[in-house]
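Here the structure is laid out as C-alpha cells; the discussion comes afterwards.
The values are calculated or read from the model by the stated rules, or taken from the named source; none is laboratory data. All values derive from a computational prediction rather than experimental measurement. Every residue, glycine as well, gets a Cβ built from its backbone with ideal geometry; the counts of neighbours run over all protein chains shown.
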Amino acid sequence: MTSFGAGWPTLLHKELLRFWKVAFQTILAPVLTALLYLLIFSHVLESHVSVYDGKVPYGAFLVPGLVMMSVLQNSFANSSSSLIQSKITGNLIFVLLTPLSPADLFIAYVMGAMIRGIAVGLGVLAVTLFFVPSLLYLPHPLWALGFALLGSAILGTLGLIAGIWADKFDQLATFQNFFIVPLTFLSGVFYSIHSLPRFWQQLSHFNPFFYMIDGFRYGFFGLSDVAPSTSLGIVSLCAVSLALIALGLLRGGWKLRA
Amino acid sequence: MRRFGAVQALAGVDLTVHEGEFFGLLGPNGAGKTTLISILAGLTRPDSGSARILGHDVITDYRAARRALGVVPQELVFDPFFSVRETLRIQAGYFGLRRVDDWIDEILAHLDLTSKADANMRSLSGGMKRRVLVGQALVHKPPVIVLDEPTAGVDVELRQSLWGFIRKLNRDGHTIILTTHYLEEAEALCGRIAMLSAGRVVALDTTRNLLSQFAGLTVRLVAERLPATWQARVLRAEGGVYLLRLDDYADLEALLAALRTERIAITELALQEADLEQVFLRIMSGARASATAVPA
C-alpha cells in the first residue's frame, strides 16, 4: 500500500528550482536595476530633496523603498509568470492531475513568490548597504520583516490571480505595466508623500502599496508618513481579502479546469 | 453530460470499466473520448452526472480518485526547466511520494530512458517526451491508468516495447483504459471496447464479440465508379478506392454482375476478413445514418 504525504512542499520546491535555475535573470538582474536606481536618483536628488524634515538623508530614505519595490515586483513576477507559462505550454496539467487541493496550490505558489521576492530584496539591501552602511542597524527589524512578508504575500497572491486570469503573455504584461508598476512607483518609493500636493497626498492613501512601503520604511528609521499599526491593519486586510479571492478562483477552477 | 457552448461533447454516457480490465475507448475525432477522460481526471467538470474511480467520486472525493488514477495526456507537454529524472521526482512529490528513486529507475529502464535520465526535457525527441509522459502517469503507482493516444509519434520498435510494459502492468493487476487511432493496437490489447460517436456510446462489448457480431467480408475495390445499387454498402471511399461490406461470398458474385452490367472496369479487387477497423467503420457508418435519419 502506497503511503501518500503532503504534495505542496514539492510544488514549492519546483517553484524555487524554477527561478533558481535562471537566477541571473530572476535575482541578479533586478538587484542591478535597483542599484542603478539608487546610484542615479540619490546622486541627482540628494541635495534637492528633504525627507522627514531633513532627519534622514535622501540616499538612505531611498534604500528601503527600493528594497520593498523589488520585493513586491519580483513576488508578482514569480507566481504570475510561473502560472502563465504552465498554462500556455500546457504543463499545468501535471499539477491539475494530482490530489493537490486549492489551498495546497495557493500555499506553494504564494510561498514560492514570497521567497523569490525576499531573496531579491535581500540582494538589493546587501548591495545598497555598501553605499549606506548605517541602514544595517535598523531600529525596528520586526516591523520591516512583517511588512516584507505581508507585501510579498499580497503581490504573490496578485500574481497568482493575474496568472489564472491571463490567457496570453501580453495580457499579463498589461496587468503588470498598467496596474502593478504604476501603483508601486506612485507609492512613495522615491519620495515622502508629504512632499506631494494635498490632492496627490490624499490619493496616495487609496494605494495599498503606499502602506506596504511606508510600514517597511518605519522598520529602518522609526519614522513614517502614517502610523505603522494603521499600515499593518490595511495591509493585513488586503492580504486576507486577496487570499480569499485567489482561493475562491482555485476552488472554482476558473480558467484552469474546463 | 458535458456541454461546451452549443456543442454537447458527451450525452448520457454510462460505462463501467472493471478492475483489471484492458479497456479500449474508440471513436472518431470529436467523439468525446478526451472529454470523458478529462472528466475522470478532474480536468473538466460534467454539467450533470458523476464519475468514480475505484468508488471515489472525481469531484467530492477527488484526492482519493486522483491518487488512484494515472493519465497519459494526448498533448506532448513538458516542463523545459527540468531533466527527465527531476520531472519524475517532482511528479511523484506532488502525490506526496518521496525517496522513490528505485521505482523511477525501474520506470526509466522499462521506457528505455535510462541513458536520458539527466537530459533536459527540451533535448528529447518527440517519442522520448511521449515516454516520459507515460512515466509521469505511472510514478505514483496508480491502480488505474488512462492512456490517451499514447503511441502517437512513437516509432514501431518503441511502440512494441511500450505495449510490452503496459501489458505487464495490466498482468500485475492495473486497470488500463486506452484510446488510440491504431485500431490494430486496440484489437490486440483490449479485452473490451466502447465506441463513442457524437458523445454517445454506440457499441460496448468484448473485442471478441464485436469481431464475431460484425463478422463478414469486405472487399477492397479500385474502380472508376460504383454501381448505384452498391452505394449503401460503402464503408469507406477515397479517390476511386472503395471498401464495401459483403454479407457472404454470394454477394461477391452480385457485385461482379453489377459491375459487368454497368461496364465498369476493375483495376483491383481484394477480399478481406473482418477486423476491428471494419467493425469500427460499420458501427460509425450506422451511427451516422441513425443520427441523420428523418422520422417519417
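Determine whether B:Q213 is modelled with pLDDT under 80 and polar (S, T, N, Q). Against the criterion (modelled with pLDDT under 80 and polar (S, T, N, Q)), B:Q213 qualifies.
Among the numbered criteria (1) within 14 Å of chain B (Cβ to nearest Cβ); (2) out of contact with any strand residue (DSSP E or B) (no Cβ under 8 Å at 6 or more places or on another chain), which single criterion is violated by A:A258? Going through the list (1) within 14 Å of chain B (Cβ to nearest Cβ); (2) out of contact with any strand residue (DSSP E or B) (no Cβ under 8 Å at 6 or more places or on another chain), A:A258 breaks only (2). If you go through region B:56-80 and keep only what is facing chain A (nearest Cβ under 9 Å) and out of contact with any Leu (no Cβ under 7 Å at 6 or more places or on another chain), you end up with B:Y62, B:R63, B:A64, B:A65, B:R67, B:E75, B:L76, B:V77, B:F78, B:D79, B:P80.
One residue alone among B:T218, B:T180 is under 15 Å from the mean Cα position of the chain (by Cα), closer than 19 Å to B:V279 by Cβ and either surrounded by 15 or more Cβ atoms within 10 Å (Cβ to Cβ) or among the aliphatic types (A, V, I, L, M) (or both), and that residue is B:T180. Being within 18 Å of the chain's Cα centre (by Cα), modelled with pLDDT of 90 or more and not charged (D, E, K, R) is a property that B:G20 has.
Going through (1) more than 14 Å from every other protein chain (Cβ to nearest Cβ); (2) in a loop (DSSP other than H, G, I, E, B); (3) of a type in the set (K, R) one by one, B:R98 falls short only on (1).
Output the residues belonging to region A:196-209 that are part of a loop (DSSP other than H, G, I, E, B) and more than 20 Å from A:G121 (Cβ to Cβ). The answer is A:L196, A:P197, A:H205, A:F206. A:A77 - would you say it is modelled with pLDDT of 85 or more and surrounded by fewer than 16 Cβ atoms within 10 Å (Cβ to Cβ)? When the stated conditions are applied, A:A77 does not pass them. Applying a threshold of 6 Å to beta carbon distances and a minimum spacing of six or more residues, or different chains, the list of pairs starting in region A:197-209 at a residue that is surrounded by 14 or more Cβ atoms within 10 Å (Cβ to Cβ) and ending at one that is at pLDDT below 85 reads A:Q201/A:I193; A:S204/A:I193. For region A:20-113, the helices (runs of 4 or more DSSP H) that sit wholly inside it and include 2 or more residues that are away from chain B (no Cβ under 14 Å), free of Cβ contacts under 8 Å to residues at least 60 places away in the same chain and at negative phi are A:29-45, A:58-89.
Out of everything in region A:210-258 that is polar (S, T, N, Q) and in a helix (DSSP H, G or I), what residue ends up being surrounded by the most Cβ atoms within 10 Å (Cβ to Cβ)? If you could, list the steps in order and put the result at the bottom.
Step one: filter region A:210-258 for residues polar (S, T, N, Q), giving A:224, A:229-231, A:236, A:241.
Narrowing further to those that are in a helix (DSSP H, G or I): A:229-231, A:236, A:241.
Values: A:S229: 11, A:T230: 14, A:S231: 26, A:S236: 15, A:S241: 13.
The selected residue is A:S231.
Annotation note: of B:R200, B:R131, B:R159, the sole residue that is out of contact with any His (no Cβ under 7 Å at 6 or more places or on another chain) and farther than 27 Å from A:T98 by Cα is B:R200. Considering region B:131-235, the qualifying strands (runs of 3 or more DSSP E), each wholly inside and each with 1 or more residues that are touching a Pro at 6+ places or on another chain (Cβ under 9 Å), run over B:144-148, B:175-179, B:192-197. Can you name every residue in region A:223-254 that is touching a Leu at 6+ places or on another chain (Cβ under 9 Å) and within 26 Å of A:I193 (Cα to Cα)? Answer for region A:223-254, where residues must be touching a Leu at 6+ places or on another chain (Cβ under 9 Å) and within 26 Å of A:I193 (Cα to Cα): A:L232, A:V235, A:S236, A:C238, A:A239, A:L242.
With respect to B:S115, determine if the residue is of a type in the set (S, T, N, Q), out of contact with any Asp or Glu (no Cβ under 9 Å at 6 or more places or on another chain) and under 19 Å from B:G135 (Cα atoms). When the stated conditions are applied, B:S115 passes them. Against the criterion of being modelled with pLDDT of 90 or more and more than 8 Å from chain A (Cβ to nearest Cβ), B:L43 does not qualify.
Report the residue count in region B:24-76 for those that are in a strand (DSSP E or B), farther than 24 Å from A:K87 by Cα and in contact (Cβ under 8 Å) with a residue 40 or more places away in the chain.
Just the residues of region B:24-76 that are in a strand (DSSP E or B), to begin with: B:24-26, B:52-53, B:56-57, B:69-72.
Within this subset, residues satisfying the condition of being farther than 24 Å from A:K87 by Cα are B:24-26, B:52-53, B:56-57.
Then keep just the ones that are in contact (Cβ under 8 Å) with a residue 40 or more places away in the chain; that gives B:24-26, B:53.
Summing the residues that are in a strand (DSSP E or B), farther than 24 Å from A:K87 by Cα and in contact (Cβ under 8 Å) with a residue 40 or more places away in the chain in region B:24-76 gives 4.
For region A:240-253, does any single residue satisfy the condition of being closer than 22 Å to A:L160 by Cβ, within 14 Å of chain B (Cβ to nearest Cβ) and in contact (Cβ under 8 Å) with a residue 60 or more places away in the chain? Yes, there is a match, as at least one residue in region A:240-253 is closer than 22 Å to A:L160 by Cβ, within 14 Å of chain B (Cβ to nearest Cβ) and in contact (Cβ under 8 Å) with a residue 60 or more places away in the chain.
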